[in-house]
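Bear in mind these aren't lab numbers, they're just calculated from the coordinates by the rules spelled out. Note that the structure is predicted; figures quoted are calculated from it, not measured. Note: ideal-geometry Cβ built from the backbone for every residue, glycine included; neighbour counts use all protein chains shown.
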Amino acid sequence: MAVKTGAIGKTYPPTVYAVGREKIREYALAVGETNPVHLDVRAARAAPGMPTSSLRRCSRSSTRRRRS
């Protein structure tokens, strides 16, 4: 059976939405994350924040079209 290639290179506009702490906790548990920063509110508040420049780089790289 041939692999459908019609979606290769397809892009979508970036979307911004708020993610609540419960969804972060659910995701962390689903992927087996054990770091308390993702599971405990006190640990998350005590942790240093992630620089927003890192977030921008991650979101841009995930929407860029890959070159072969």
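Of all residues being in contact with a Ser or Thr (Cβ under 9 Å, 6 or more places away or on another chain) and among the hydroxyl-bearing types (Ser, Thr, Tyr) in the stretch 3-45, which is surrounded by the fewest Cβ atoms within 10 Å (Cβ to Cβ)? Just the residue, please.
Looking at residues that are in contact with a Ser or Thr (Cβ under 9 Å, 6 or more places away or on another chain) and among the hydroxyl-bearing types (Ser, Thr, Tyr), I get Tyr12.
Quick one: which helices (runs of 4 or more DSSP H) sit completely within the stretch 2-54 and have at least 1 residues that are out of contact with any helix residue (DSSP H, G or I) (no Cβ under 6 Å at 6 or more places or on another chain) and free of Cβ contacts under 8 Å to residues at least 12 places away in the same chain?
Of the helices (runs of 4 or more DSSP H) lying wholly inside the stretch 2-54, those with at least 1 residues that are out of contact with any helix residue (DSSP H, G or I) (no Cβ under 6 Å at 6 or more places or on another chain) and free of Cβ contacts under 8 Å to residues at least 12 places away in the same chain span 21-30, 41-46.
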